[in-house]
Amino acid sequence: MPRVITSNGYHIGYVEQRGGGVPIVFLHGVGSDKSVWHPQLAHFGAARRVIAFDYPGYGDSDPAPGGTTRDDYASAIISAMHELGVDRAHICGLSLGGVVAIAMHHAAPERCASLILADTFAVHPDGRAIYERSIAGVQNLPAMANARVDVLLAQPADPAVRQEVVDTMSRIEPAGYRIGAEAVWLADQRERARAIDVPTLVLVGDQDVVTPPDLSNELADLIRDARMQLIHGAGHLGNLEKSAEFNLIVEEFIGSTE
């Protein structure tokens with residue numbers, strides 16, 4: 001897979017489809033990598049440029065040094081966009097990706113044509129407990145993936161999607177996962193969310209028990225004129241579980257902003 005060198009020296013993994021118009025940048029969750037966005041790259045890449053990135057420590061990116069934060073992730077993605085000639089894009093992030101998207105807007109709002117914040121939050125009331133459980137299992141990610149997958153997905157889950165989630169999480173390096181878990185579960189970006197001034201879509205699976213709809217409602221309430229949308233029959237990974245519905249909602253939203 002291709003990689004791009006950022007201004008702070010990271011080699012960042014990415015995959016893209018090249019079309020026209022304002023690009024879409026896709027940002028993955030703590031238990032996955034850029035490959036999770038394959039249904040979106042196939043759909044949106046037919047008409048516009050789309051790029052899915054790995055964070056430092058994930059996928060095809062360089063390992064992340066100790067002390068890496070969600071703001072470092074945001075900085076790396078902004079720099080990678082610049083190196084690839086993307087000055088401005090619709091930023092679509094799921095779970096940790098939504099946390100990073102908010103951090104990107106805080107750092108460089110001019111880079112964000114809009115935000116699509118899926119199954120995420122400004123602050124999670126159970127974040128510390130989820131973080132501690134994640135760290136306790138990090139040395140055996142395949143076992144944790146098998147134990148956690150049925151919480152992530154609405155039931156009954158599609159067996160192929162279930163296996164994809166397990167396989168992707170099992171490939172993550174423990175050191176990278178540990179940094180990602182801290183970046184997402186210990187986030188408190190309420191003030192940053194209040195400052196968002198670009199068109200914003202907040203969407204969530206109506207069966208998401210990891211980041212329940214109430215947290216998406218709270219996030220949408222913080223953001224001026226944010227649109228809130230439920231995906232019926234989806235859990236925490238609506239882009240995989242209900243990809244057609246997810247794509248249609250995002251496509252209609254982006255169309256309304258352009």
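What is the extension gain from A46 to L186, computed as 0.36 nm multiplied by their sequence separation minus the C-alpha to C-alpha distance, in nm to one decimal? Display every interim value, and only then the final one.
Numbers: separation 140, 0.36 × 140 = 50.40 nm, distance 3.69 nm.
Fully extending the segment from A46 to L186 adds 46.7 nm.
Given a cut-off of under 8 Å on Cα pairs at least six residues apart, what relative contact order in percent is computed for the stretch 1-133?
Normalised by residue count, the contact order of the stretch 1-133 is 25 percent.
So with the 1.4 Å probe, I'd like the accessible area per residue for the chain, rounded to whole Å². Before the final figure, lay out the partial values.
Working: 10250 Å² over 258 residues.
Dividing the accessible area of the chain by its residue count gives 40 Å².
How much mean residue ellipticity at 222 nm does the chain get from its helices, if each DSSP H run of length 4 or more adds -39500 (n - 2.57) and you divide by all residues, to the nearest 500 deg cm²/dmol?
-13000 deg cm²/dmol
Taking all protein chains as present, what is the carbon and sulfur share of the accessible area of the stretch 94-193, in % to the nearest whole number, probe 1.4 Å? Display every interim value, and only then the final one.
Details: 2070 of 4000 Å².
Roughly 52 percent of what the probe reaches on the stretch 94-193 is carbon or sulfur.
Cα centroid distance between the stretch 159-190 and the stretch 209-242, in Å?
For the stretch 159-190 versus the stretch 209-242, the Cα centre distance is 18 Å.
So what is the relative contact order of the stretch 109-214, in percent, for Cα pairs below 8 Å that sit 6 or more residues apart?
Relative contact order, the stretch 109-214: 52 percent.
Quick check on the chain: take the gyration tensor over C-alpha atoms, sort the square-rooted eigenvalues as a ≥ b ≥ c, and tell me if it's rounded (a/c under 1.5), prolate or oblate.
On the way: a/c = 1.24, a/b = 1.10, b/c = 1.13.
Rounded, because the longest to shortest axis ratio a/c is under 1.5.
In a Gaussian network model over the chain where Cα atoms closer than 10 Å are linked, find which of G85, G19, G59 has the largest mean-square fluctuation.
Taking springs between Cα atoms under 10 Å, the residue moving most is G85.
Considering only DSSP beta bridges where both residues belong to the chain, give the percentage that are antiparallel (nearest 5). Show your work: numbers first, answer last.
Details: 8 of 32 bridges.
If I count the DSSP bridges inside the chain, around 25 percent turn out antiparallel.
For A113, enumerate residues with amide H under 5 Å from its amide H, sequence gap 5+ or separate chain, H modeled in the peptide plane.
Answer set, sorted by chain and number: A89, H90, I91.
Take every DSSP beta bridge with both residues inside the stretch 1-153 and express the antiparallel ones as a percent of the total, to the nearest 5. Mind showing how you got there, number by number?
On the way: 7 of 22 bridges.
Given both bridge residues lie in the stretch 1-153, the antiparallel proportion sits at roughly 30 percent.
The values are calculated or read from the model by the stated rules, or taken from the named source; none is laboratory data. Being a predicted model, the structure only gives us computed values, none of them experimental. What goes into the accessible areas is simple: the full protein's heavy atoms, side chains included, and nothing from ligands, DNA or RNA. Shrake-Rupley method; radii C 1.70, N 1.55, O 1.52, S 1.80 Å.
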